[in-house]
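Where a number appears in this text, it was derived from the coordinates with a stated rule and is not lab data. The shown structure was predicted, so the numbers you read here are calculated from the model rather than taken from an experiment. A quick note on method: Cβ atoms are made from the backbone with ideal geometry, for glycine too, and the neighbour counts reach across all protein chains shown.
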Amino acid sequence: MLRPKLPDVPTMTVTSQQIQAPAPSAGRPVAPYVGIGAGAVAAVIVVGIVLTALLAAVAISAVSVAIAAVVLRSLVSNAHKR
């Protein structure tokens, strides 16, 4: 019945004027930047491992202090009952 009319898709032709040569490099080597990036990643990983170890040490210390407090509380309460 009623069908919408779609516009024609224009075709693109490639001419020799549209092809561009690669841009000349700035003359700076990329290798130092790669080294800096790898060093930064290694530093972040080391810092993450150290912080995780410190967090685990604090958690273990907190648990041991809590257990010691419970044991001391039970010893003191038993001493008062006698």
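Summary of computed values
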| read-out | value |
| --- | --- |
| Cβ crowding within 10 Å averaged over residues, with 40-46, 2-8 ranked highest first | 40-46, 2-8 |
| Table column - 3J(HN,Hα) (Hz), the range 60-73, Karplus curve with 6.51, -1.76, 1.60, x for Gly and Pro | 5, 5, 5, 5, 5, 5, 5, 5, 5, 5, 5, 5, 5, 5 |
